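**Student:** One structure follows; several queries about it will come next.
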Amino acid sequence: MTNINRENISLIEKCEHVYFLGIGGIGMSALAYYFLRRGCAVSGYDLTPSPVTEKLIEKGAIIHYDEKPEVIPIDIDLVIHTPAVSKSHAEYRYFEQHGIPIYKRAAILGMISATLPTIAVAGTHGKTTTTALLAHLSYPEEHPTAFVGGISKNFGSNFLTSKNPQLLVVEADEYDRSFLSLFPNTAIITAMDADHLDIYKETASLEDSFREFAKRLPTDGTLVLNYALKSRVTHNKIITYGFEKEADYHADKISILPDKVVFDLYTPEGCFKDLQLGITGYYNLLNALSAIAAMIAEKQRQGNPADIEKLISKLATFKGVHRRFDYQVFNDKAIYIDDYAHHPEEIRSFLRSVRDLFPDKVLTGIFQPHLYSRTRDFAPAFAKSLEALDEIILLDIYPAREEPIPHITSEWLLSLIQKEKKMLLSKTDLLAYLKNSPPELLVTIGAGDIDRLVPDIKEIYTTNEEYSPLENPNIYPDKEVLTRVLGDSYPAYEQLLNTITGDEYNLKTAWNFYPVNNTWLCRCYRKKRTVFWLSVWENYFRLTFYFTQHALKRIAALDLDKHLKLSLGLTEKNTPNFPVIVSFNNETRLEDVLKIIHVKKYHVQSHARHKKQKPKSWWHRGWNFLKKLFA
């Protein structure tokens, strides 16, 4: 751990040209943005070009990809390096020989945190999403600077800053004990599962490191702790969070939906009902609980009252982080999700969430193991977690900073998995395999370079003919077909069909059939504008509405079943601004469905609803009103 003092803090304040060894890493690139924002010249080396390095070059950084000391600028004041670059690297040796100060990324973050009130997020899982959410909750009111270990979808970057920073939000990485360089005022510990045993050797040593991290809090600091860890870490002021009712911050009445979580929040300040989190998953709800608790704790530490209502309202607008339960394809034909999970516990939690959301679909997973040492240390746990998949595809191990370990291969890991449908493929063979038979529910998992395959996999779903509908304006699923497909849900469907006028909504023409997953889809429109989409799947049917905000407010005021309202994302305080999807069966109240359709009938809008149009004259507006009134 680097000793932080006034002298080396002044170094980063006075430097004019910073050089990064391994500038393309997600943590290093955030620091590069920080120095660019300060007006410093930034140069660096990385092994290969990437979207991250391309964006840095656009911002003014000078980057090369060859291990050549002769191309290094001569006016470097400070060198920052990542553990992924060995000290035997030619450029590292060059800087040593020329006496230029070299610091680890963690030491620089420590210097920055020594100058600002800091919320630091530690834990073996959930750090990145929690850090991104804290940045979202604190911006712009708290004037934060944030270093995130992934690309926030709200900000489109892994770095966020303000004109006059008053708060630092930082991801506290346990690898190489890096987080022991930070100076947190409020800290979160999300989990302490065994990991990085190449550094810690044993779990007890890892846990000791987290306890040392907690000790870095000042006497007035707060430790926000997962309730499951309350007996393993001590501090004079601890706030717990979790699903347990004994936790200081806990959630209840939880509804997990494909694009959000609806829940009640219990805090020391009171209960807040029918809240929405803009991303899905039980583990993401835990991340949200910790972020809310930390924001309130830090505000109270500074002697300022927290605007809890405003904080919790921001949860609904959080979009998440790239490669964290990241939908790439989501339609009636197929679903494809990409995720960064690279630890057995992360994979287990991720696959559990996918299963909960799509229990009737065949789940295919592509996993790229990350690091030889991690694969060796957790092979049985990896095998067990991957067995939650129906079909398992392994790629070769991504080595990152490591040299191969004898006998530790993906083929060996595959042999431990007790599943019939499993295979090991190269990246080239993988794409060919997916082109032949794209799965109806696919996930890609891993922290290596598997993300570079995502665009190609996504393209397969958009170009594969089998995933295009068999378009025929005269095709119509007859009663025999619908009875077979819908099963027990057919009576509810028939009741709906008999209640609304089929001809009015074109229910007997505009059908398409998708053979890949045996799905029927009908565009139900009125006066050439879509009112809703009707999808008929195995054992249930679904209506998808595209609402205007005005229509949503009208629906929110209706006397609908409470659970139906929650599934629509409608509460007293929030209305969604995305397609509203509801699945129906025999237990759905028909009168509620008809109320929604009736509102939508008079608030139809085309799919070009976001297209800017010229404002209409008062005469046009009046004429349109009369047409709607007497329609």
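**Student:** Scanning segment 38-56 for residues that are aliphatic (A, V, I, L, M) and under 23 Å from the mean Cα position of the chain (by Cα), which turns out nearest to residue 112 (Cα to Cα)?
**Tutor:** First, the residues of segment 38-56 that are aliphatic (A, V, I, L, M): 41-42, 47, 52, 56.
Restricting the remaining residues to those that are under 23 Å from the mean Cα position of the chain (by Cα) gives 52, 56.
Numbers: 52: 23, 56: 21 Å.
The residue in question is 56.
**Student:** Please verify whether residue 162 is in contact with a Pro (Cβ under 7 Å, 6 or more places away or on another chain) and not acidic (Asp, Glu), treating the condition exactly as stated.
**Tutor:** Values: in contact with a Pro (Cβ under 7 Å, 6 or more places away or on another chain): yes; not acidic (Asp, Glu): yes.
Yes, satisfied.
**Student:** Scan 438, 359, 406, 380 and give me the residue that is surrounded by 15 or more Cβ atoms within 10 Å (Cβ to Cβ) and of a type outside the set (Lys, Arg).
**Tutor:** None of the others qualify; the one that does is 438.
**Student:** Ok, one more. In segment 249-285, what residues are of a type in the set (Gly, Ala, Ser) and surrounded by fewer than 21 Cβ atoms within 10 Å (Cβ to Cβ)? Quick ask: steps written out before the conclusion?
**Tutor:** Filtering segment 249-285 for residues of a type in the set (Gly, Ala, Ser) gives 251, 255, 270, 278, 281.
Across segment 249-285, the qualifying residues are 255, 270.
**Student:** Report, by residue number, each residue of segment 383-403 that is open to solvent by 10 Å² or more (accessible area, probe 1.4 Å), assigned to a loop (DSSP other than H, G, I, E, B) and farther than 23 Å from residue 281 by Cβ.
**Tutor:** Of everything in segment 383-403, those that are open to solvent by 10 Å² or more (accessible area, probe 1.4 Å), assigned to a loop (DSSP other than H, G, I, E, B) and farther than 23 Å from residue 281 by Cβ turn out to be 396, 397, 399, 400, 401, 402, 403.
**Student:** List the pairs whose first member sits in segment 218-245 and is without any contact (Cβ under 8 Å) to a residue 24 or more places away in the chain, whose second member is among the aliphatic types (A, V, I, L, M), and whose Cβ atoms are under 6 Å apart, counting only residues at least 6 apart or on separate chains?
**Tutor:** Qualifying pairs under 6 Å: 227/247; 235/214; 235/223; 238/223; 238/225; 240/225; 240/247.
**Student:** Which one of these is closer than 17 Å to residue 171 by Cβ and more than 19 Å from the chain's Cα centre (by Cα): 309, 298?
**Tutor:** Values: 309 fails: closer than 17 Å to residue 171 by Cβ.
Result: 298 is the single residue among 309, 298 that is closer than 17 Å to residue 171 by Cβ and more than 19 Å from the chain's Cα centre (by Cα).
**Student:** Select from segment 188-233 the residues that are among the small types (Gly, Ala, Ser), outside any helix (DSSP H, G or I) and in contact with a Lys or Arg (Cβ under 8 Å, 6 or more places away or on another chain) and list them in ascending order.
**Tutor:** 221
**Student:** A follow-up question, please. Given the condition at pLDDT below 95 and within 19 Å of residue 186 (Cα to Cα), answer yes or no: does some residue in segment 267-275 qualify?
**Tutor:** Yes, the conditions are met somewhere in segment 267-275.
**Student:** Applying the selection to segment 286-339, what residues are hydrophobic (A, V, I, L, M, F, W, C) and assigned to a loop (DSSP other than H, G, I, E, B)?
**Tutor:** Correct list: 306, 318, 325, 334.
**Student:** Follow-up question, since we're still on this one. Only residues in segment 259-275 that are touching a residue at least 40 places away in the same chain (Cβ under 8 Å) count as the first member; pair them with residues that are part of a loop (DSSP other than H, G, I, E, B) and polar (S, T, N, Q), Cβ under 7 angstrom, at least 6 apart or cross-chain, and list the lot.
**Tutor:** Pairs that qualify, where the first residue is touching a residue at least 40 places away in the same chain (Cβ under 8 Å) and the partner is part of a loop (DSSP other than H, G, I, E, B) and polar (S, T, N, Q), are 259/280; 260/280; 274/571.
**Student:** Just for segment 409-435: of the residues that are without any contact (Cβ under 8 Å) to a residue 24 or more places away in the chain and touching a strand residue (DSSP E or B) at 6+ places or on another chain (Cβ under 6 Å), which one is least open to solvent (accessible area, probe 1.4 Å)?
**Tutor:** 414
**Student:** Specify which of the listed residues (23, 12) is crowded, with 21+ Cβ neighbours inside 10 Å and touching a residue at least 60 places away in the same chain (Cβ under 8 Å).
**Tutor:** 12
The values are calculated or read from the model by the stated rules, or taken from the named source; none is laboratory data. Remember, it's a predicted structure, so these values are computed and weren't measured experimentally. Positions of Cβ are generated from backbone atoms using ideal geometry, with glycine treated the same way; all protein chains shown enter the neighbour counts. What goes into the accessible areas is simple: the full protein's heavy atoms, side chains included, and nothing from ligands, DNA or RNA. Shrake-Rupley method; radii C 1.70, N 1.55, O 1.52, S 1.80 Å.
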